[in-house]
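A.B. asks: Pasting a structure below so you can have a look.
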Amino acid sequence: MNWLQEDAAAKWRAEGQRYVNDINYYVHKGLTEGWDKAGDEPAGDSRSALAAKVYKMIRGANEQGKIAELREQLPAATWPLERQFQKEMRAIRGIHFISNDDVVFSTGSPWENNAVVTVHNEAFSVFSGYSLVGASPGNQLHALAGKQGITIMQSMDSTLQGEVVAELSWRELNGKIQSLDPDFPVLNIDSLDQELPLEEVIPFNEGHALLLVTSQGIFLVEQSQEKSWSVKLLHPDLEEYKEDEMEHIEIDMAHGAVSPDGRWIALGSQGSDHLLYDITTGQVHSFNPESSYPHYTIFTKDQRSVWYNACHFYNGATLAVSLEQVEAGEFPAEQDYPVVNEEARVYAAAALEDGVVIGDAYGYLRLINAEGQELWRYYAGSTISGLAVNPDETLLAVGTYGGMLHFLDLHATERSGYEITTGSVREVKRIIAWKNQNSPLWW
């Protein structure tokens, strides 16, 4: 049975090309001549009426192994499917390249029933026993969080096998967190064996340290030479919660990052300043956000600066803090740090040689260099939930809250006629990893 409905596919292509051409022209004019001269925004994309037929064709093409033909006949796009399939969509996060081509990622938000998925030679492996995967700066180490606890390993492959460096059970970890103060239960848990809903898990220091980012606190977990674990609460201030007679810690928009050399931890939450913790001295530096609420942070690849984003509704601003200035104690005047972007509420980012790719709430990606110049922007179609670049920086993996993982060719020289972008970056393949699927689908 042929999977392709030719009439519907032809309508999908024609309307997709019309809409993308109109939007690209509108954006180009707005960026070059000013938005006041760009005119009215183009008419909306009408392809949502085809959503059910398109998804049926996607499934059929996967069943028959016709992926190349599928991409040719039905150029991928998220936004026309959102109205019909919103309840099936979920975040794709914790994305990491195992090699230049193989990738591992996590499905779902911290409070959902999640899994870890690997992709090797176009084949999927789904591991329901794990909920989140994290990686060290440089991807030398990976950390797998699952029902039993956290396993740190190096040389991990697509079967989630590798050299185990350390293991930490939830009972041991939760017990040490709860014992930080005998009079205040930091965590809101029913049992010490309960899995924590992690936003991020970042292994470093050769696998003997972890940064845990959760809505119940941001923790530095370290292993001694005697193989015992210690826990330090980096944020928030426990005394403030005790003084306010709170029952346990609860923070919003918790985020954190570890510098490539393992010396610095950048962190924060909605109610904090931008914070920078020096592991060597224990000193905490604080920087005022340019927008309302701290939301995301990343270190540049050359480790010369750390970028902090703060948001206000769906917009935001990102500033760059020089680590050399921090180390030397040379701080600019208050609110005088270089601002590298004044538009985006950043949900994810990836550090490249040429700059940093930031992904925002509206579904846009932007490559911004150290001087704050935007080199290109690209519309992925849904709020960005995760980003990763492969070792040779040819491929960018983009996870979205639309339940899709896009693979973008960073070295492409020709723009696609079906993608919204100011550059030549183009998508080469895509994974749909929605709820209630036995296995993800290619598109």
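A.B. asks: Where the second residue is among the aliphatic types (A, V, I, L, M) and the first is under 15 Å from Ile67 (Cβ atoms) and lies in the range 1-12, which pairs have Cβ atoms under 6 Å and are six or more apart or on separate chains?
C.D. replies: Partner pairs satisfying both residue conditions: Trp3/Met57; Trp3/Ala61; Ala9/Leu74.
A.B. asks: From the list Asp157, Asp181, pick out the single residue that is more than 20 Å from the chain's Cα centre (by Cα) and farther than 26 Å from Lys429 by Cα.
C.D. replies: Being more than 20 Å from the chain's Cα centre (by Cα) and farther than 26 Å from Lys429 by Cα holds for just one of Asp157, Asp181, which is Asp181.
A.B. asks: Working only within the range 419-431, note down all residues that are assigned to a strand (DSSP E or B), under 22 Å from Gly30 (Cβ atoms) and charged (D, E, K, R).
C.D. replies: Listed by number, the list holds a single entry, Arg426.
A.B. asks: Please give the strands (runs of 3 or more DSSP E) falling wholly within the range 287-374 in which 2 or more residues are closer than 18 Å to His274 by Cβ.
C.D. replies: 293-299, 305-312, 315-322, 339-341, 346-352, 355-360
A.B. asks: Here's another thing I want to ask about it. Of the conditions (1) within 20 Å of the chain's Cα centre (by Cα); (2) over 22 Å from Glu250 (Cα atoms); (3) part of a strand (DSSP E or B), Val201 satisfies every one except a single condition; which number is it?
C.D. replies: (2)
A.B. asks: So which residues in the range 91-129 are more than 18 Å from the chain's Cα centre (by Cα) and not in a loop (DSSP other than H, G, I, E, B), if there are any at all?
C.D. replies: Across the range 91-129, the qualifying residues are His120, Ala123, Phe124, Ser125, Val126, Phe127.
A.B. asks: Please work out which residue is farthest from His96 (Cα to Cα), limiting yourself to the range 204-235 and to residues that are over 22 Å from the mean Cα position of the chain (by Cα) and part of a loop (DSSP other than H, G, I, E, B).
C.D. replies: Within the range 204-235, the match that is farthest from His96 (Cα to Cα) is Glu226.
A.B. asks: Ok, one more. Among the listed residues Glu82, Glu63, Glu69, Glu88, identify the single one that is in contact (Cβ under 8 Å) with a residue 24 or more places away in the chain, under 15 Å from Gly381 (Cα atoms), of a type in the set (Asp, Glu) and surrounded by fewer than 18 Cβ atoms within 10 Å (Cβ to Cβ).
C.D. replies: Result: Glu82 is the single residue among Glu82, Glu63, Glu69, Glu88 that is in contact (Cβ under 8 Å) with a residue 24 or more places away in the chain, under 15 Å from Gly381 (Cα atoms), of a type in the set (Asp, Glu) and surrounded by fewer than 18 Cβ atoms within 10 Å (Cβ to Cβ).
A.B. asks: Considering only residues that are among the basic types (Lys, Arg) and within 28 Å of the chain's Cα centre (by Cα), which ones fall in the range 236-269?
C.D. replies: The one that is among the basic types (Lys, Arg) and within 28 Å of the chain's Cα centre (by Cα): Arg263.
A.B. asks: Of the residues that sit in the range 1-35 and are more than 22 Å from Gln373 (Cα to Cα), exposed (fewer than 14 other Cβ atoms within 10 Å of the Cβ) and not polar (S, T, N, Q), which one is nearest to the chain's Cα centre (by Cα)?
C.D. replies: Going through the qualifying residues, I end up with Ala14.
A.B. asks: Also, I was wondering about something else. Scanning the range 19-60 for residues that are in contact with a strand residue (DSSP E or B) (Cβ under 8 Å, 6 or more places away or on another chain) and not β-branched (Val, Ile, Thr), which turns out farthest from Lys435 (Cα to Cα)?
C.D. replies: This residue is Asn24.
A.B. asks: Considering only residues that are more than 24 Å from Met253 (Cβ to Cβ) and of a type outside the set (Lys, Arg), which ones fall in the range 204-234?
C.D. replies: Asn205, Glu206, Gly207, His208, Glu222, Gln223, Ser224, Gln225, Glu226, Ser228, Trp229, Ser230
A.B. asks: Report yes if Ala317 is within 19 Å of the chain's Cα centre (by Cα) and free of Cβ contacts under 8 Å to residues at least 40 places away in the same chain, otherwise no.
C.D. replies: Taking the combined requirement at face value, the residue satisfies it.
A.B. asks: To continue, here is another question. Quick one: Met156 ticks every box in (1) over 21 Å from Val389 (Cβ atoms); (2) at pLDDT 95 or above; (3) in a loop (DSSP other than H, G, I, E, B); (4) of a type in the set (A, V, I, L, M, F, W, C) bar one, so which box is it?
C.D. replies: Looking at each condition in turn, Met156 falls short on (1).
A.B. asks: Here's another thing I want to ask about it. Has the range 180-189 got any residue that is modelled with pLDDT under 95, assigned to a helix (DSSP H, G or I), exposed (fewer than 15 other Cβ atoms within 10 Å of the Cβ) and not aromatic (Phe, Trp, Tyr)?
C.D. replies: no
A.B. asks: Oh, and also: Identify, please: which residue in the range 267-286 is touching a residue at least 24 places away in the same chain (Cβ under 8 Å) and part of a loop (DSSP other than H, G, I, E, B) and is, among those, farthest from Ala254 (Cα to Cα)?
C.D. replies: For the range 267-286, the residue satisfying everything is Ile279.
A.B. asks: What pairs can you find where one residue is in the range 390-418 and within 15 Å of Leu365 (Cβ to Cβ) and in a loop (DSSP other than H, G, I, E, B), the other is among the β-branched types (Val, Ile, Thr) and modelled with pLDDT under 95, and their Cβ atoms are less than 6 Å apart, with a gap of 6+ or different chains?
C.D. replies: none
A.B. asks: Consider the range 290-328. How many of its residues are touching a His at 6+ places or on another chain (Cβ under 7 Å), buried (at least 22 other Cβ atoms within 10 Å of the Cβ) and of a type in the set (S, T, N, Q)?
C.D. replies: Final tally of qualifying residues: 2.
A.B. asks: To continue, here is another question. Are any of the residues in the range 372-383 among the aliphatic types (A, V, I, L, M), in contact with a Phe, Trp or Tyr (Cβ under 9 Å, 6 or more places away or on another chain) and closer than 24 Å to Gln86 by Cβ?
C.D. replies: Yes, that holds for at least one residue.
A.B. asks: Let me ask something additional. As an exercise: evaluate Lys56 against (1) touching a residue at least 60 places away in the same chain (Cβ under 8 Å); (2) assigned to a helix (DSSP H, G or I) and give the number of the one condition it does not meet.
C.D. replies: (1)
A.B. asks: Ok, one more. From the list Gly271, Gly282, Gly256, pick out the single residue that is within 25 Å of Phe184 (Cβ to Cβ) and either acidic (Asp, Glu) or crowded, with 19+ Cβ neighbours inside 10 Å (or both).
C.D. replies: That would be Gly256, the only listed residue that is within 25 Å of Phe184 (Cβ to Cβ) and either acidic (Asp, Glu) or crowded, with 19+ Cβ neighbours inside 10 Å (or both).
A.B. asks: Restricting to the range 36-51, name every residue that is surrounded by 12 or more Cβ atoms within 10 Å (Cβ to Cβ) and either part of a helix (DSSP H, G or I) or among the hydrophobic types (A, V, I, L, M, F, W, C) (or both).
C.D. replies: Ala38, Arg47, Ser48, Ala49, Leu50, Ala51
The values are calculated or read from the model by the stated rules, or taken from the named source; none is laboratory data. Just so it is clear, the model here is predicted, and its values are computed rather than measured. For neighbour counting, all protein chains shown are included, and Cβ atoms are generated from backbone atoms with ideal geometry for every residue, glycine included.
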